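Some notes on the structure that comes next.
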Amino acid sequence: MVYGDSLSANYGIPADAGWVALLEQRLLSHSQSFRVINASVSGETALGGRNRIEQALSAHRPDIIILGLGANDGLRGTAIKTIYDNLAAIIEICQRNNVVVLLAGMQLPPNYGMTYTRKFQDIYPQLAEYYQTGLIPFLLAGFGENKAFFQSDGIHPTASAQKMIVENVWHVLQPMLHEHFIAAARQDDLKKPADRQADLPSVLMADH
């Protein structure tokens, strides 16, 4: 389940051109048993995500959540501790429900000041280390400073940038899938005929 804001909610581009749809295509090329849910909401904040996470988990019952929130908080100058605490609460709720968390790191433009932007950027690796989650260091890595890959607002990536986002996600998600699910599938396979392969479980993602 992708659980994020407009960066994951196809802002300004067709839904089938967004990185979440492209990620689903890649997953389905590996196994038809995967499902991807995009529970992202444009304009969402970490607090908003915290307020609706339990309902989202109950409705979709994901195995993995790609958590991509916090950017809107940073753009509004929200206190670093507040952002951290709200993201931490989301992670804790997910882990209590046995949902594997993949945290998508965010960064801010330099005009927000060196101190604030550094502390904001540090939120994500600190959370990942403390809660032992997966971490995409920066969701927009590889093009974040190239204006050619952003819409006219200078904030939202164009359709041509979506493939790069998928690569950033896939680089971390793929080994997580193997670590958390392939081993379980192989154990289950021992109970079946030798020539039958176990299907991969569904994966639901909620993102930015």
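The values are calculated or read from the model by the stated rules, or taken from the named source; none is laboratory data. All values reported here derive from a predicted model rather than from experimental measurement. As a convention, Cβ positions derive from the backbone with ideal geometry for all residues, glycine included, and neighbour counts pool all protein chains shown. With ligands, DNA and RNA removed, areas are computed over all heavy atoms of the protein, side chains included. Shrake-Rupley method; radii C 1.70, N 1.55, O 1.52, S 1.80 Å.
Suppose accessible area is computed on protein heavy atoms with a 1.4 Å probe; arrange M1, M164, M114 from highest to lowest.
Values: M1 0, M164 55, M114 155 Å².
Accessible-area ranking of M1, M164, M114, largest first: M114, M164, M1.
How large, in percent, is the carbon and sulfur part of the accessible surface of the chain at a probe radius of 1.4 Å?
Values: 5200 of 10550 Å².
Heavy-atom surface of the chain belonging to carbon and sulfur, 1.4 Å probe: 49 percent.
Over the range 84-174, average the accessible area per residue using a 1.4 Å probe and give it in Å², no decimals.
Values: 4690 Å² over 91 residues.
Each residue of the range 84-174 exposes 51 Å² on average to a 1.4 Å probe.
Can you give me the solvent accessible area of S152 with a 1.4 Å probe, rounded to the nearest 10 Å²?
Looks like 130 Å² after rounding.
Please list the non-local residues whose amide H lies under 5 Å from the amide H of T78, H modeled 1.01 Å from N, same-chain partners needing a gap of 5 or more.
Here nothing satisfies the definition.
With a 1.4 Å probe and every protein chain left in place, work out the accessible area per residue of the range 1-70 in Å², rounded to a whole number.
Details: 2960 Å² over 70 residues.
Accessible area per residue: 42 Å².
Specify whether the C-alpha gyration tensor of the range 1-101 places it in the rounded, prolate or oblate class, a ≥ b ≥ c being the square roots of the eigenvalues: rounded for a/c under 1.5, otherwise prolate if a/b is larger than b/c and oblate if not. Kindly include the intermediate steps, with their values, before the conclusion.
Values: a/c = 2.47, a/b = 1.32, b/c = 1.88.
Verdict is oblate for the range 1-101.
First measure r as the distance between the Cβ atoms of I155 and Y130, then evaluate 1/(1 + (r/R0)^6) with R0 = 41 Å and state the FRET efficiency to the nearest 0.05. Write out the running numbers ahead of the final one.
Values: r = 29 Å, r/R0 = 0.70.
Efficiency computed from Cβ-Cβ geometry: 0.90.
K81 accessible area, nearest 10 Å², 1.4 Å probe?
140
Please give the solvent-accessible surface of Y112 in Å², to the nearest 10, using a probe radius of 1.4 Å with every protein chain present.
80
Could you pull out every residue, at least 5 positions away or on a different chain, whose amide H is within less than 5 Å of the one on H156? Hs are placed 1.01 Å off N in the peptide plane, and Pro or chain starts have none.
For H156, whose amide H was placed from the backbone, the distant partners under 5 Å are Q151.
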